Amino acid sequence: MTFKMMASLFTAAALTVSAPALAKDCTGLEGKDLKTCEKESKQDDRSVAYMPSKLDGSLSAYDAAEKNPFATDAYRVRVTEAGLTSVDGYLEKAFRLQATMQFAKFVVDEAGKGNADVLKLAPTLKPIVEKAIADAQSLVTEGQALVTTGVPNEIKADPKLAMKGPKALTALKDGLAALQATVTSAPEIGKSLAALAP
């Protein structure tokens, strides 16, 4: 496969980005319905929920599975590895930004329900969210460039990486789709969080 053909494939794929599927909530189901739901909701075993402590050490209490909002449907952030250093480095930044905004949304939602413990996190989260919003658009642009030229150039420079290309591209597309959705909602979430931490 020539470099031009690879570049075309990567570009075409980038234009058909779709958001990754989320797991179903099987709470309250029994018997056959529960088994069907669990089967449909299986997550890729190469992905794990993002750890809140990666955003700030003070959030480490939320790393526990039963408290981690990123392990729930409402605030899901799943972390995967693509197998290419450039893509994995980018995804690390994209997951962090997505997790920042999802945690901010979690804090806003819980504060609205009167959860005083979560409300105390708003001042800690505010500067992290402000930085994420400032960096958001440049991160999307970086991801688009990685899809159209970065990965094809990396494979051209080292053809041994060609076998990792499809997996890396899939992970990159999913990460970029989730990031773009996050960027769209980020300003409103940031405004709501700022109102909790003046």
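FYI, it's all coordinate maths here, none of it is from the lab. As the structure is a computational prediction, the values presented were derived from the model and not from experiment. Cβ coordinates were reconstructed from backbone atoms using ideal geometry, including for glycine residues, and neighbour counts include every protein chain displayed.
Taking label points 7 Å from Cα along the Cα-to-Cβ direction, Leu29 and Ala181 give a separation of 1.9 nm.
Which entries in the list Lys105/Lys164; Lys67/Lys126; Lys54/Lys173; Lys93/Lys164 go over 27 Å, if you measure between the two C-alpha atoms of each?
Lys105/Lys164, as the Cα separations exceed 27 Å there.
Each other residue within a Cβ distance under 12 Å of Lys67 adds +1 if Lys or Arg and -1 if Asp or Glu, for a net charge of -4.
Apply 1/(1 + (r/R0)^6) to the Cβ-Cβ distance of Lys167 and Val48, taking R0 = 22 Å, and write down the FRET efficiency to the nearest 0.05.
Computed FRET efficiency for Lys167 and Val48 comes out at 0.85.
By average Cβ neighbour count within 10 Å, what is the ranking of 111-122, 51-62 from highest down? Display every interim value, and only then the final one.
Values: 111-122: 14.3, 51-62: 16.2.
So the peptides 111-122, 51-62, ranked by packing, come out 51-62, 111-122.
Give the calculated FRET efficiency between Ala65 and Ala157 to the nearest 0.05, with a Förster radius of 45 Å applied to their Cβ-Cβ distance. E(calc), rounded to 0.05, equals 0.65. Note on Asn115 and Ala195: their simple-model spin labels are 1.8 nm apart, each label 7 Å out from Cα toward Cβ.
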